[in-house]
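In what follows, a single structure is set out as structure tokens and then discussed.
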Amino acid sequence: MTTGPFDVAGRVFVVTGASSGLGEHIARGIADAGGRLVLAARREDRLEALAKQLALRGAETLCVGCDVARVYPYETGRVMP
């Protein structure tokens, strides 16, 4: 872990696209540095698998299934399918 302006230990990060590729790689790096994670992506099963792997390394995670490319109207008060 580092200290100074790049110390991520204990801070919370939201990683979109965390179910694979660059998002997954970034999530692993943040977890290894002690950051707490909100993992977001469309494929919830892959998020849960990643969260279990990171938990074995001591990381705190929260999984959120979502599609950041979709627009959800706030006026309705509900998430659109």
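The values are calculated or read from the model by the stated rules, or taken from the named source; none is laboratory data. Every value quoted in this text rests on a predicted model; they were computed, and no experiment measured them. Cβ atoms come from the backbone with ideal geometry, glycine included; neighbour counts cover every protein chain shown. Note: accessible area is taken over every heavy atom of the protein model, side chains too, but ligands, DNA and RNA are not part of it. Shrake-Rupley method; radii C 1.70, N 1.55, O 1.52, S 1.80 Å.
Summary of computed values
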read-out	value
Top-ranked residue of the stretch 9-29 - restricted to ones that are among the aliphatic types (A, V, I, L, M) and surrounded by fewer than 18 Cβ atoms within 10 Å (Cβ to Cβ), ranked as modelled with the lowest pLDDT	A9
A69 small (G, A, S) and at pLDDT below 90	yes
Total residues in the stretch 1-31, condition acidic (D, E) and under 13 Å from the mean Cα position of the chain (by Cα)	1
Residue match in the stretch 3-10 (condition: within 18 Å of C63 (Cβ to Cβ) and of a type outside the set (V, I, T))	no
Residue under evaluation R42, criteria (1) at pLDDT below 95; (2) open to solvent by less than 30 Å² (accessible area, probe 1.4 Å), criterion not met	(2)
Hits in the stretch 1-55 (condition: within 18 Å of D67 (Cα to Cα) and among the acidic types (D, E))	E24, E44, D45, E48
